[in-house]
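One structure is given below, encoded as structure tokens.
The values are calculated or read from the model by the stated rules, or taken from the named source; none is laboratory data. All of these numbers come straight from a predicted model, not from anything done at the bench. When we count neighbours, we look across all protein chains shown, and the Cβ atoms used for this are built from the backbone with ideal geometry, even at glycine. Note: accessible area is taken over every heavy atom of the protein model, side chains too, but ligands, DNA and RNA are not part of it. Shrake-Rupley method; radii C 1.70, N 1.55, O 1.52, S 1.80 Å.
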Amino acid sequence: MTLATAPARPLRIGPIDLDVPVVLAPMAGITNTAFRRLCREYGAGLYVSEMITSRALVERNETTMRLIQHHESETPRSIQLYGVDPATIAEAVRIIVAEDHADHIDLNFGCPVPKVTRRGGGAALPWKSKLFADIVDQAVKAAGSIPLTVKMRKGIDRDHLTFIEAGRAAEDAGAAAVALHARTAGEFYSGHADWNAIGELKQAVTSIPVLGNGDIWSAEDAVRMMAQTDCDGVVVGRGCLGRPWLFGDLAAAFGAGPATSSGTGHVVDATLGFVANAFRRHAQLLVEFFDEEDRGCRDIRKHVSWYFKGYPVGGDIRTGLATASSLAEIDDLLGRLDHTAPYPGADAEGQRGRAGHPKRTALPDKWLESREIESSASEMMRGAEIENSGG
């Protein structure tokens, strides 16, 4: 098996030039400074923060202010904002720009989580077309020379698609790029992403880059998506869970990294020892990020099953890693593994993270009856930002 490759294809987002057309998708509780640093160590691209709530940033919530910080090694720096009110989002953007917190800002219109959509936020918001356009317009103006991008889904469900209209509105407002997760909110992460929709968006939005997201589990998937849709870059989310070296494979696939020599279709020879070392490095970076060993070791627990998927790691060691509270405990457990065990192939490939099941999207009452936003709904939506404050 050899690593599928594509011609070198740099990506330009505003003034930012990327040698590799790859973006790390924001993931709550995952893409903190520690994970972003780890991914950078293997590859190249744009690495986006966890979703930050605009109201919490404006109110300078302590947790939020810590989440928007970047390590000195991170460049370019990227922050994703979530919000429902144009003025609040614009003010959050102004703070980021004035205080030099980021080199790139992304707006979240793709979150399908019920606590967000039932208040009209995330993937539900583009249905209110004027509100969506106002948010992007005011955010772009507040950002000035900082490139601002939009990430969205196809729509609420197959009967209420918004991605073409929203993509054109973002383009008209001056967004530097648009990214499409090729599922509806109702599909959550189930089934297969509709890459054809990415191709449709690329044909509709012609003056700025269009990025594709959904079902990129390998570098080969990224190459196929770009060939099939003609999109300008890819956004990688769940495919890198427990596999930060995927960004090395992606760099090689797009001509900006070393060619594979492992014979596995990957740049690295992902033996169990290699994976154990990556897991240990991740734990160390989390300890540094939280500045607390116990908390860092607790946070790495959610990553255990992802890192060791398909590898011969016994239940006792998995349980130990999922309960360890110190780096010394982790070192002892990792030391018991057979570090020479080879990459397990197909057993380690494929989907990672929870897919969920298709379901009716939680929405505000009568949300789908009109594309306009009522004043009463505006008040309700602002409450959504308060409930989701703190990052």
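Identify all residues within segment 59-77 that are touching a residue at least 40 places away in the same chain (Cβ under 8 Å), within 17 Å of the chain's Cα centre (by Cα) and open to solvent by less than 10 Å² (accessible area, probe 1.4 Å); write none if there are none.
Of everything in segment 59-77, just one residue is touching a residue at least 40 places away in the same chain (Cβ under 8 Å), within 17 Å of the chain's Cα centre (by Cα) and open to solvent by less than 10 Å² (accessible area, probe 1.4 Å), namely GLU74.
Give the number of residues within segment 240-294 that are modelled with pLDDT under 95, in contact with a Pro (Cβ under 7 Å, 6 or more places away or on another chain) and not hydrophobic (A, V, I, L, M, F, W, C).
1
Report every pair of residues separated by at least 6 positions or lying on different chains whose Cβ atoms are under 6 Å apart, first residue within segment 346-373 and under 20 Å from PHE188 (Cα atoms), second part of a loop (DSSP other than H, G, I, E, B) and among the small types (Gly, Ala, Ser).
Qualifying pairs under 6 Å: ALA355/SER190; GLY356/SER190; HIS357/SER190; PRO358/GLY186; PRO358/SER190; THR361/ALA185; THR361/GLY186; PRO364/GLY120.
Give ALA56, ALA102, ALA44 a once-over and let me know the one that is in contact (Cβ under 8 Å) with a residue 60 or more places away in the chain and surrounded by 23 or more Cβ atoms within 10 Å (Cβ to Cβ).
ALA56
Does segment 222-242 hold any residues that are touching a residue at least 60 places away in the same chain (Cβ under 8 Å), assigned to a helix (DSSP H, G or I) and of a type in the set (A, V, I, L, M), and which are they?
ALA222, VAL223, MET226, ALA227
Take the residues in segment 147-162 that are among the hydrophobic types (A, V, I, L, M, F, W, C) and touching a strand residue (DSSP E or B) at 6+ places or on another chain (Cβ under 6 Å), then tell me which one is most open to solvent (accessible area, probe 1.4 Å).
LEU161
From the residues in segment 158-193 that are charged (D, E, K, R) and within 18 Å of the chain's Cα centre (by Cα), which one is nearest to ALA139 (Cα to Cα)?
Out of the qualifying residues, it is ARG183.
Look through segment 194-242, keep the residues that are open to solvent by 30 Å² or more (accessible area, probe 1.4 Å) and small (Gly, Ala, Ser), and return whichever of them is nearest to ALA179 (Cα to Cα).
Looking at residues that are open to solvent by 30 Å² or more (accessible area, probe 1.4 Å) and small (Gly, Ala, Ser), I get SER207.
Counting only residues that are of a type outside the set (Phe, Trp, Tyr) and without any contact (Cβ under 8 Å) to a residue 40 or more places away in the chain, which one in segment 112-136 is most open to solvent (accessible area, probe 1.4 Å)?
Looking at the filtered set, the residue picked out is VAL113.
Looking at the structure I just gave you, is GLY186 at positive phi and either touching an Asp or Glu at 6+ places or on another chain (Cβ under 8 Å) or surrounded by fewer than 24 Cβ atoms within 10 Å (Cβ to Cβ) (or both)?
no
Is it the case that some residue within segment 363-372 is of a type in the set (S, T, N, Q), part of a loop (DSSP other than H, G, I, E, B) and modelled with pLDDT under 90?
no
Yes/no per residue for (1) assigned to a helix (DSSP H, G or I); (2) closer than 23 Å to GLY214 by Cβ; (3) in contact with a Pro (Cβ under 9 Å, 6 or more places away or on another chain):
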position	(1), (2), (3)
ARG12	no, yes, yes
VAL20	no, yes, yes
VAL23	no, yes, no
ALA28	no, yes, no
THR31	no, yes, no
PHE35	yes, yes, yes
SER73	no, no, no
LEU81	no, yes, no
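SER129 is checked against (1) in contact with a strand residue (DSSP E or B) (Cβ under 8 Å, 6 or more places away or on another chain); (2) among the hydroxyl-bearing types (Ser, Thr, Tyr); (3) farther than 24 Å from LEU24 by Cβ and fails just one. What number does that condition carry?
(1)
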